[in-house]
1. Filter the stretch 280-315 down to residues that are touching a Lys or Arg at 6+ places or on another chain (Cβ under 7 Å) and aromatic (Phe, Trp, Tyr), then give me how many there are.
2. Can you name the residue in the stretch 234-244 that is of a type outside the set (Ser, Thr, Tyr) and farther than 15 Å from Leu50 by Cβ and, of all such residues, is most open to solvent (accessible area, probe 1.4 Å)?
3. Got a sec? Which helices (runs of 4 or more DSSP H) wholly within the stretch 132-233 have at least 2 residues that are more than 24 Å from Ala327 (Cα to Cα)?
4. What single numbered condition from (1) surrounded by fewer than 19 Cβ atoms within 10 Å (Cβ to Cβ); (2) in a helix (DSSP H, G or I) fails to hold for Phe247?
5. What number goes with the only condition from (1) over 13 Å from the mean Cα position of the chain (by Cα); (2) at pLDDT below 95; (3) open to solvent by 40 Å² or more (accessible area, probe 1.4 Å) that His190 does not pass?
6. Quick test of your reading of the structure: Lys376 fulfils all but one of (1) in contact with an Asp or Glu (Cβ under 9 Å, 6 or more places away or on another chain); (2) at pLDDT 95 or above; (3) loosely packed, with under 13 Cβ neighbours inside 10 Å. Name the failing condition by number.
7. Could you list, in sequence order, all residues of the stretch 201-214 that are out of contact with any Ser or Thr (no Cβ under 7 Å at 6 or more places or on another chain) and closer than 13 Å to Asn232 by Cα?
8. On the given criteria, is Glu351 in contact (Cβ under 8 Å) with a residue 40 or more places away in the chain, within 20 Å of Gly7 (Cα to Cα) and in contact with a helix residue (DSSP H, G or I) (Cβ under 6 Å, 6 or more places away or on another chain)?
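The values are calculated or read from the model by the stated rules, or taken from the named source; none is laboratory data. Note that the coordinates shown come from a computational prediction; the quantities given were computed from them, not determined experimentally. Glycine also receives a Cβ, built like all others from the backbone with ideal geometry; neighbour counts cover every protein chain displayed. Ligands, DNA and RNA are excluded from the accessible area calculation, which covers all protein heavy atoms including side chains. Shrake-Rupley method; radii C 1.70, N 1.55, O 1.52, S 1.80 Å.
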Amino acid sequence: MAVSIAGGVRPGKLIEVERRLYKHLIVGKHKVAAMEDDANEKLEQDVNKLDIERQAIKLRLEKQAQAQATFKAISNQLTSTVNNTLEHQLAAPNSLLSNCGITENQILLLNLMLAADPNLNRIRPLIASISWLSRDLTTLINSPASKHRRPKSGDVQVTDIKLILNYIGIENLRLLLPYFCLRNWLPTGHANLLWTGRKLWRYSMITAIAAKTLAGLHNRPISLSYTCALLNQMGTSIILNNSAIIFETHWGTWLREASHSREKEVYDAVMATEYPAEQVFNHVMNKGHRLNWQLLEQLDFKDSDITKVLKELDTASHFSQLSTDAAIVAKASCFAKIILLEEYQLIDPQERKLMLDYYEFTQQEVIRLKAQNYRKLDLT
């Protein structure tokens, strides 16, 4: 489809380019170095060992026609079982809440931080009730690299949540709370998603920093754009996490059964079966953005500004239909895609121009976005 009007119906070529980035994030084998705040660094050695073992088994299987037929049959059966289980879960979004780790208190906290003058007396007990969030903030403030005001003695560890929040400050909390929430929701502890998690985290942070920049440029609420930019990967994270749990559960069970029955060919076939990244990618494309707002509605945040923006981003058929705040997030996501696709050499100049034209980027916006540091989140 050839479309010349900016912000109108998304051209087929544009959709293909945007899908290309997600396919690289989820299906691509490109390995990336850990970011300084990555939670999966210890997995890397195990992942490399598993990859080597799988490749060795595959090479051996390729030399054995009968074993190869067994591998295909078993692998297809396992992949189908995993895919069917995931489809069943995605058909009932409310059932996902019990497994995804997203709670009403977390979303309430993010909404409270959107206020012009957030009430710390309401916020403090909510943070204290979320153990991993309290731990992350405590670790941050006690880190030798922390720039925040702390006691001068390096031996003093701050543990009181009231003091920690005072040291960090409201404006930094507006950035840190959504940051830590998404990082906690992203797939962690799954060998099959180590590289995917790292790539998705980087894409999320580039998008969030770009949204923060654009919101400041256009005098829009920075916290709303920044938070929505991060939460726009919430549904994707849930699908990835659940798919990894399902795969690892079935994979482990089948391995134990094959080992117990001493069926070497079956054991090798299961062992060599990889996480069904292609099928999961399709689920992300079909339902990832829809889950963003559906899950928030399930948690009774239908009227939240965050929910409204995320729903707009999923349901609007034209860019020109988006509100200013939703358009900022859409532009930020587009710019993040361009940055990563250029890094991976997966986009040409004509495609880049198509994306910038469709999302109606101005020269000033592009100049401002190019000037940002997307490698880390800068706190005051």
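1. 2
2. Quick first cut of the stretch 234-244, residues of a type outside the set (Ser, Thr, Tyr) only: 234-235, 238-242, 244.
Then keep just the ones that are farther than 15 Å from Leu50 by Cβ; that gives 234-235, 238-242.
On the way: Met234: 0, Gly235: 0, Ile238: 6, Ile239: 1, Leu240: 1, Asn241: 27, Asn242: 7 Å².
Checking each candidate, the answer is Asn241.
3. Fully inside the stretch 132-233 and qualifying: 161-168, 170-185, 194-217.
4. It is condition (1) that Phe247 fails.
5. With respect to (1) over 13 Å from the mean Cα position of the chain (by Cα); (2) at pLDDT below 95; (3) open to solvent by 40 Å² or more (accessible area, probe 1.4 Å), His190 is out only on (3).
6. (2) is the only condition that Lys376 fails.
7. Trp201, Tyr203, Ser204, Met205, Ile206, Ala208
8. Answer is yes for this residue.
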